[in-house]
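The values are calculated or read from the model by the stated rules, or taken from the named source; none is laboratory data. Only a predicted model underlies this, so the values are computations on that prediction, with no experimental measurement involved. Because the Cβ atoms are built from the backbone with ideal geometry, glycine has one as well, and the counts that use them run over all protein chains shown. Surface areas here come from the heavy atoms of the whole protein model, side chains and all, with no ligands, DNA or RNA. Shrake-Rupley method; radii C 1.70, N 1.55, O 1.52, S 1.80 Å.
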Protein chains: 2
Amino acid sequence: MTILATDVLRRTPLFASLPEDDLRWAASVAVPRRYGKREAIFREGDAVEGFYVVASGKVKVFKLSEEGKEQVLHVLGPGQSFAEAALFEGGAYPAYAETLAQTETFLIQKRPFLDMLERRPKVAIRMLGSLSRWLRQMTGLVEDLSLRDVEARLLLFLSGELQDRGIPLKDGATLELPFSKNVLASRLGTVPETFSRALKKLQEDGRIDVRGKRIRIVSAASLMAGKATAGPNRRTGTAEPGRR
Amino acid sequence: MTILATDVLRRTPLFASLPEDDLRWAASVAVPRRYGKREAIFREGDAVEGFYVVASGKVKVFKLSEEGKEQVLHVLGPGQSFAEAALFEGGAYPAYAETLAQTETFLIQKRPFLDMLERRPKVAIRMLGSLSRWLRQMTGLVEDLSLRDVEARLLLFLSGELQDRGIPLKDGATLELPFSKNVLASRLGTVPETFSRALKKLQEDGRIDVRGKRIRIVSAASLMAGKATAGPNRRTGTAEPGRR
DNA sequence: CGGTCGATTGAGAAACCTCAACGAGGGTGG
DNA sequence: CCACCCTCGTTGAGGTTTCTCAATCGACCG
């Protein structure tokens, strides 16, 4: 069965509550595409056709090192779009995109969409919001990778997931990991082995309870605390900012 | 002496070759600000006033960990702008900005600028280009931090710098580091000690020659090669993308 | 039931960070 | 003009985190 482009687009931040005819116009340049599980949508270096909106399924966007290690930048589900920035920068996608499950997407073609932007400032401004969110996420990822160890990243991810779903962060709250542990490990910038050990440690410390993909928060208080009882700052030197 | 806003804005990608009256209008909402060396422009969490264009001097934008370690996201010089994305996302800056030298900036205030965007789709589209470039840089930084060791990051930085200045990458090419080694270390996601050792190793391997901030490329060929003579791929597993 | 995939565990190695000490250079105040 | 101080950069030693490699186990699929 086929999914209606207008219905999908209406759910995206980018196109939501646009005048009906704008929406139909956008839908008219949206190319439906279906993928099997573990299928490439595009690869780094591929020529940019446009950006994508996920109608159903799940997609991971990632970078790949020469040795074959991957860093997941984002995992997207229905209603989310990706590769928007590729429209405005160079002619090639700067990362890989691959399905994690059977997936349907709409490709919004570059040329028609850019033309639309000129006539619809409102859409351009929404797009600015989209890119800004992406940018914030990426700087957050940089911060994670550079300034936090794996355990801290994992904790941050868990509380972020809870928040995204509106689940209050308190003892007993549970959530289901939205994708496989291997993918999550890569999203957190580590390998499955290290990730597994981090999960185990948190469990042994009595902070969470793991049963498969189900995580139960045992001690919400300790989730937020840096490292149980962290010591005071160590390094001062050039570290303190704004000290004129 | 004071710098004319119009002259500065004209040099930025965002405002370049805009109609003269648009430019003057933008300049009229630009607030000039001067800072001493090592002075904070804003801190993470500060309320967003607008974004900044550097007129003279040098600014670093960075994240700070609880322990005081910093990760430099970008260093900006005259004609460059920063914190654009903060206009569209939340009300607080997501990072720190601090001068590296005496600096003059123009603050482009949020409210008037957003109003302008509605009337000037062209500016909005340029802004999309700006954000996309930022986004690409940040994903590049993520890739660096996650998938490359310090030595590789350093090499990549060096060849990137050469390219930015239009210096052909061949034996004997030289460049001057655009900022202190400590800042560069932080930009590369490491500490001064590790950075220093990486430089030393490259020199001992006969790939570059270091004299203070002056770097001379001794063996351009080996700059590009992953690690002199790298072996074939190791890990396969989930690594290879697009294998359906 | 064999096979594949995701996940886990152990052991060892590698990269990186921390701490401490030191030297060179630049600016400042006496 | 010189002594002092401060910052920047470097070096050494040791510790920590993370990665690598290998083996194993359970679940699911054909």
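Residues in region B:55-163 average 32 Å² of solvent-accessible surface per residue, probe 1.4 Å, ligands and nucleic acids excluded.
An ellipsoid equivalent to the protein assembly as shown, defined through the eigenvalues of its Cα gyration tensor, has semi-axes of 33, 32, 25 Å when rounded to whole angstrom and sorted largest first.
Between the C-alpha center of region A:1-53 and that of region A:124-197 there is a gap of 25 Å. 3J(HN,Hα) couplings calculated from phi for region B:89-105 with the Karplus curve 6.51 cos²θ - 1.76 cosθ + 1.60 (θ = phi - 60°) are, in sequence order, 9, x, x, 10, 5, x, 7, 9, 9, 8, 6, 9, 8, 4, 9, 10, 10 Hz; Gly and Pro show x.
Per residue, what volume in Å³ does the Cα convex hull of region A:149-224 take up?
Details: hull volume 5.8 nm³, N = 76.
With only Cα atoms used, region A:149-224 gives 77 Å³ per residue.
When a 1.4 Å probe is rolled over the protein heavy atoms, the share of accessible surface on the protein assembly as shown that falls to carbon and sulfur comes to 49 percent.
At the listed q of 0.10, 0.11, 0.19 Å⁻¹, the Debye profile of region A:5-146, built from one uniform point per Cα, gives log10 I(q)/I(0) equal to -0.33, -0.40, -1.20. If you filter region B:135-193 for trypsin sites (Lys or Arg not before Pro), then keep DSSP loop positions with at most 12 other Cβ within 10 Å, what is left? Within region B:135-193, the qualifying trypsin sites (Lys or Arg not before Pro) (loop, at most 12 other Cβ atoms within 10 Å) are B:R165, B:K170.
Mind telling me which of A:A55, A:A95, A:A173 comes out most flexible in a GNM of chain A, alpha-carbon contacts under 10 Å? Result: A:A173 has the largest fluctuation of those listed. For the chain pair A and B, the interface hides roughly 5500 square angstrom of accessible area in total, found with a 1.4 Å probe. Each residue of region B:115-186 gets 140 Å³ once the volume of the Cα convex hull is shared out per residue. With a simple spin-label model that places each label point 7 Å from the Cα along the Cα-to-Cβ direction, the separation between B:A221 and A:F157 comes to 4.3 nm.
Between the helical axis of B:110-119 and the longest alpha-carbon principal axis of chain B there is an angle of about 80 degrees. Sorted shortest first, the distances from the A:K181 label point to those of the same residue in the other copies are 4.3 nm; each point sits 7 Å from Cα along Cα-to-Cβ. A label point on B:G91, set 7 Å along the Cα-to-Cβ line, lies at 4.6 nm from each of its counterparts in the other copies, closest listed first. With its label point put 7 Å out from Cα toward Cβ, A:E67 sits 2.3 nm from the same residue's point in the other copies, in order from shortest.
Given a cut-off of under 8 Å on Cα pairs at least six residues apart, what relative contact order in percent is computed for region B:5-146? Can you show the working numbers first?
Working: 253 pairs, mean separation 44.6, N = 142.
31 percent.
Panel note: contact residues of region B:135-184 (accessible area lowered by at least 30 Å² against the chain on its own; 1.4 Å probe) correspond to B:L135, B:R136, B:M138, B:T139, B:V142, B:E143, B:L145, B:S146, B:L147.
Across region A:19-27, computed HN-Hα scalar couplings (Karplus, 6.51 cos²θ - 1.76 cosθ + 1.60, θ = phi - 60°) run x, 4, 6, 4, 4, 5, 5, 4, 4 Hz from first to last residue, x flagging Gly and Pro.
Over all alpha-carbon pairs in chain B, figure out the percentage whose distance exceeds 24 Å. Here the tail beyond 24 Å accounts for 54 percent of pairs.
For A:F42, the residues whose amide H sits under 5 Å from its own are A:A97, ignoring neighbours fewer than 5 places away on the same chain, with H placed 1.01 Å from N. Close amide H partners of A:G50, meaning residues 5 or more places away or on another chain with modelled amide H under 5 Å apart, are A:K110. At the residue level, B:K69 shows approximately 70 square angstrom of accessible surface with a 1.4 angstrom probe and all protein chains present. Computed 3J(HN,Hα) for region A:166-176, one whole-Hz value per residue from the Karplus formula 6.51 cos²θ - 1.76 cosθ + 1.60 where θ = phi - 60°, is x, 8, x, 7, 9, 3, x, 4, 10, 8, 9, glycine and proline marked x. Ligands, DNA and RNA aside, A:L128 has an accessible area near 0 Å² when probed at 1.4 Å.
Mean separation of Cα pairs under 8 Å and 6 or more residues apart, divided by the residue count, gives chain A a relative contact order of 18 percent. Distance distribution note for region B:30-69: the fraction of Cα pairs above 11 angstrom is 74%. Any chance you could give the angle, 0 to 90 degrees and rounded to 10, that helix B:192-204 forms with the longest Cα principal axis of chain B? Long axis of B:192-204 versus the principal axis of chain B: about 50 degrees.
Only DSSP H runs of four or more residues enter the estimate; each adds -39500 (n - 2.57), and after division by the residues of the protein assembly as shown the mean residue ellipticity at 222 nm equals -11500 deg cm²/dmol. Return one number: the angle in degrees, 0 to 90 and rounded to the nearest 10, between the long axis of the Cα atoms of helix A:121-147 and the longest principal axis of the Cα atoms of chain A. Helix A:121-147 sits at roughly 30 degrees to that axis.
The amide H of B:L100, built 1.01 Å from its N in the peptide plane, has B:R38, B:K58, B:V59, B:K60 as neighbours under 5 Å, considering only residues 5 or more places off or on other chains.
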